[in-house]
1. Please tell me if residue 259 is in contact (Cβ under 8 Å) with a residue 12 or more places away in the chain and under 21 Å from the mean Cα position of the chain (by Cα).
2. Could you grab me the full set of residues in the range 125-145 that are farther than 18 Å from residue 91 by Cα and touching a Phe, Trp or Tyr at 6+ places or on another chain (Cβ under 9 Å)?
3. Test residue 195 against the criterion of being part of a loop (DSSP other than H, G, I, E, B), at pLDDT 95 or above and either more than 16 Å from residue 141 (Cα to Cα) or outside the structural domain of residue 164 (by TED's automatic domain parsing) (or both), and give yes or no.
4. When the residues of the range 204-213 are narrowed to those that are of a type in the set (S, T, N, Q) and more than 19 Å from the chain's Cα centre (by Cα), which ends up most open to solvent (accessible area, probe 1.4 Å)?
5. Any residue that is more than 21 Å from residue 236 (Cβ to Cβ), open to solvent by 40 Å² or more (accessible area, probe 1.4 Å) and away from the ligand (no atom under 16 Å from the Cβ) - is there at least one of those in the range 146-162?
6. From the residues in the range 63-74 that are at pLDDT 90 or above and open to solvent by 20 Å² or more (accessible area, probe 1.4 Å), which one is nearest to the ligand (Cβ to nearest atom)?
7. For the range 180-203, give me each residue that is of a type in the set (D, E, K, R), touching a residue at least 12 places away in the same chain (Cβ under 8 Å) and open to solvent by 20 Å² or more (accessible area, probe 1.4 Å).
8. For the condition crowded, with 19+ Cβ neighbours inside 10 Å and free of Cβ contacts under 8 Å to residues at least 40 places away in the same chain, what is the one hit in 350, 329?
Amino acid sequence: MAERLKEEILHREKLVDIVAGPDAYRDLPRLLAVAESGQQAANVLLSLDETYADILPVQTSMGGTTAFVSIMRGCDNMCSYCIVPFTRGRERSRPIASILQEVRMLSDQGVKEVTLLGQNVNSFRDMSEVQFQSAAAPVLSRGFSTVYKAKPGGLRFAHLLDQVSRIDPEMRIRFTSPHPKDFPDEVLQLIQERHNICKQLHLPAQSGSTRVLEAMRRGYTREAYLELVHHVRESIPGVSLSSDFIAGFCGETEEDHQQTMSLLREVRYNVGFLFAYSMRQKTRAYHRLQDDVPADVKQRRLEELITVFREEAARANEAMVGQNQLVLVEGPSKRSPSELCGRNDGNIKVIFPDAETEDAAGCEAPGRAQPGDYVLVKVTSASSQTLKGALLCRTTLSRSAAPR
Ligand code: SF4
């Protein structure tokens, strides 16, 4: 947006002193100095190698309990509806050594959950170490393809995940946003084996119709996607799944829409991000396709998708009633000061009473749970978005994972 609207914002509207694009972080001191001297300043250049490596302070939330670590930027996939490859540029990954250093620092600060971030996080490929530059190209998920030629060389996501998860056994690791094509067995196996890598995968589907997926240039069919879902569920029992869907993409018929509804029913996601299609300039769809689904039809289809998603998510979450869930405490619940809230391994919000825990076998010292503590909560009710439960005890990530 900064690139597209620079002239208008700076000169015509005279709204701001500085226009900074997504790759201008390191240039901010200069831009501020220029602005302080009374001139307007702009940097909207896209960088070929900016990865946000070593930029401090790191983004934290929940009172310093959780943090986000950028590991790569950009995307090579060129889905026909998406502006990201134009606004964020091509894929480039941050050196592993710098990521590990940052995660170690967060561990020392007491951060309990790190989310590895990138536009295409599991396409991670660190080329900074010479001895790995000739490694073989990665294997894609079965039935998936790309519009670009697979690139050989570099240290891959499985290696990074392995190294990051070894830093602190009490630190949960999540990652987002991945592409479903990059889930080789070694990544799934690692997630299954490591107690501190959350059993939660985002598998953005976008549509349940092969015809629409082709128009979107997603590189898979409905069947290949469903096969991946089955394989993921076999490899990581109890995995929590989330997805993205677009309602009313160019040329989407009622039959295509019904296929997306049926995919939502078949997969039964725990979490979903659903949107009505909105055409973006510069994209392939903008140049080659017609945004021909009327706005009211898009809206109606979106509402139908949301209804089905919620029904299925409620069923998926109800299956947890009666189970004990390990929850990382975030703080007081927004709805009631006498309740705490946190998230389970599957990233679902859990609400429970703010009460004293008792001394029990297998538990940490009794007392009140604080933000950053792990607690065991017995789930007593569930909706499509939230679990409610009874607080059992304070515990640790390692202890809760140990066989009993
Ligand atoms: S939708 Fe995701 S994978 Fe596709 S081009 Fe955009 S960022 Fe890349």
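The values are calculated or read from the model by the stated rules, or taken from the named source; none is laboratory data. What you see is a predicted model, and the numbers here were worked out from it, not measured in a lab. Please note: Cβ atoms are built from the backbone with ideal geometry, for glycine as well, and neighbour counts cover all protein chains shown. The protein model used for the area step is the full one, side chains on, heavy atoms only, and it has no ligands, DNA or RNA in it. Shrake-Rupley method; radii C 1.70, N 1.55, O 1.52, S 1.80 Å.
1. The answer is no for residue 259.
2. Selection gives 141, 143, 144.
3. So residue 195 fits the description; yes.
4. Here is the first cut: in the range 204-213, the residues of a type in the set (S, T, N, Q) are 206-207, 209-210.
With the extra rule that they be more than 19 Å from the chain's Cα centre (by Cα), the set shrinks to 209-210.
On the way: 209: 3, 210: 41 Å².
Checking each candidate, the answer is 210.
5. There is at least one residue in the range 146-162 that is more than 21 Å from residue 236 (Cβ to Cβ), open to solvent by 40 Å² or more (accessible area, probe 1.4 Å) and away from the ligand (no atom under 16 Å from the Cβ).
6. For the range 63-74, the residue satisfying everything is 70.
7. Just the residues of the range 180-203 that are of a type in the set (D, E, K, R), to begin with: 181-182, 185-186, 193-194, 199.
Applying the additional criterion that residues be touching a residue at least 12 places away in the same chain (Cβ under 8 Å) yields 181-182, 185-186, 194, 199.
If the condition is that a residue be of a type in the set (D, E, K, R), touching a residue at least 12 places away in the same chain (Cβ under 8 Å) and open to solvent by 20 Å² or more (accessible area, probe 1.4 Å), then 185, 186, 194, 199 are the ones that fit.
8. None of the other options fit; the residue is 350.
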